[in-house]
Amino acid sequence: MSKLAGKVAVVTGASKGIGAGIAKALAKNGAAVVVNYASSREGAEAVVAAIVAAGGRAVAVRGDVTKATEAQAVIEAAVTQFGRLDVLVNNSGVYAFATIEEVTEAHYRQLFDVNVLGVLLASQAAAKHLGEGGSIVNISSAITDIEMPASAVYTATKSAVNAITGVLANELAPRRIRVNAVSPGYVVTEGTQSAGIAGSEMEAGLVAQTPLGRAGQPDDVADVVAFLASDEARWVTGAVINAAGGVR
Ligand SMILES: NC(=O)c1ccc[n+]([C@@H]2O[C@H](COP(=O)([O-])OP(=O)(O)OC[C@H]3O[C@@H](n4cnc5c(N)ncnc54)[C@H](OP(=O)(O)O)[C@@H]3O)[C@@H](O)[C@H]2O)c1
């Protein structure tokens, strides 16, 4: 399996969870990978070690995607370390849930900064280096389809990601750069565990709404991202694909 042979990818927020799974899947398919992290250096280094142990190429690079200079530095690392950039996966994201009574300015700003501004800044930096055949894959969420109570801010950030995906697909199409999104359903990750979702009533409710009848795993999402990043998806742009066990 080497559908990404010769390609260089940046995966933001790849120190754990879905991002770590994506970084490993892209490397397994032949890409050299920049494993970005914001604070979890050990996690990112463990992902790099696993990729290298399996015969792949990867490097861990710190950078907060909400800061333009840091987002640029993460993208530049792909060029300095591996000579080019073919794929950006905008995976970094934060989630927290609040009823309308509980929403605060800080809650709004934190979620929009990472989930929306971070996507824009990393994409802006990447667009300078991507050439024909390049691609951006944004990690959205199937929550945009289910409109779950107490998720107004988070759902709004991911609806914005879907909108950005469509606009950038049109904007970058003349340069033959594709832009797509993958919308996971509920996935068991370090993030959902520390948010207290794993083992909770909320988790039971999310699984109950999933036609395929189980929680997702990072690999369930990562394999779809690897497809979209590859030339097998050469005619796919502007798409938002649910990898959600049938949630829609
Ligand atoms: N898990 C789910 O059920 C689910 C469902 C649908 C969509 N998603 C989406 O999938 C993505 C990953 O979710 P996850 O559950 O795997 O999350 P996670 O386990 O909490 O991991 C989040 C990742 O994002 C990074 N990150 C956070 N803020 C950042 C910043 N400012 N700059 C750069 N990186 C930053 C974290 O880096 P550090 O650890 O270094 O801080 C970490 O690597 C998110 O976009 C999320 O919204 C998740």
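The values are calculated or read from the model by the stated rules, or taken from the named source; none is laboratory data. Predicted model, so just to flag it, every value in this text is computed and none were measured. Every residue, glycine among them, receives a Cβ derived from its backbone with ideal geometry; neighbour counts consider all protein chains shown.
Numbers below:
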{"read-out": "Test: residue in the range 135-142 that is over 26 Å from R214 (Cβ atoms), buried (at least 23 other Cβ atoms within 10 Å of the Cβ), of a type in the set (S, T, Y) and away from the ligand (no atom under 16 Å from the Cβ)", "value": "yes"}
{"read-out": "Only listed residue being surrounded by fewer than 19 Cβ atoms within 10 Å (Cβ to Cβ) and closer than 26 Å to A160 by Cβ, chosen from I100, I22", "value": "I100"}
{"read-out": "Wholly within the range 130-248, helices (runs of 4 or more DSSP H) carrying at least 2 residues that are in contact with a helix residue (DSSP H, G or I) (Cβ under 8 Å, 6 or more places away or on another chain) and under 18 Å from N115 (Cα atoms)", "value": "143-146, 152-172, 190-194, 218-229"}
{"read-out": "Considering residues of the range 143-163 that are at pLDDT 95 or above, of a type in the set (A, V, I, L, M, F, W, C) and within 13 Å of the ligand (Cβ to nearest atom) only, the residue surrounded by the fewest Cβ atoms within 10 Å (Cβ to Cβ)", "value": "A156"}
{"read-out": "Among the residues listed as G205, G213, the single one being more than 11 Å from the ligand (Cβ to nearest atom) and either more than 13 Å from G245 (Cα to Cα) or within 13 Å of the chain's Cα centre (by Cα) (or both)", "value": "G205"}
{"read-out": "Condition check for R214: closer than 19 Å to V188 by Cα and without any contact (Cβ under 8 Å) to a residue 40 or more places away in the chain", "value": "yes"}
{"read-out": "Close pairs (9 angstrom Cβ cut-off, 6 or more residues apart or separate chains): within 10 Å of the ligand (Cβ to nearest atom) in the range 187-202, charged (D, E, K, R) and part of a loop (DSSP other than H, G, I, E, B) anywhere", "value": "T189/K16; E190/K16; G191/K16"}
{"read-out": "Some residue of the range 187-194 being of a type in the set (D, E) and over 16 Å from the mean Cα position of the chain (by Cα)", "value": "no"}
{"read-out": "Pick from the range 25-39, criterion within 11 Å of the ligand (Cβ to nearest atom) and either surrounded by fewer than 19 Cβ atoms within 10 Å (Cβ to Cβ) or touching a residue at least 40 places away in the same chain (Cβ under 8 Å) (or both), ranking: nearest to V89 (Cα to Cα)", "value": "N36"}
{"read-out": "Residues located in the range 176-197, provided they are among the polar types (S, T, N, Q) and either on the phi > 0 side of the Ramachandran plot or surrounded by fewer than 17 Cβ atoms within 10 Å (Cβ to Cβ) (or both)", "value": "Q193, S194"}
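One line per residue, one yes/no per condition, for (1) of a type in the set (S, T, N, Q); (2) under 21 Å from A9 (Cβ atoms); (3) more than 20 Å from the chain's Cα centre (by Cα); (4) modelled with pLDDT under 95:
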site	(1), (2), (3), (4)
L88	no, yes, no, no
S92	yes, yes, no, no
T99	yes, no, yes, no
T104	yes, no, yes, no
R109	no, no, no, no
L120	no, yes, no, no
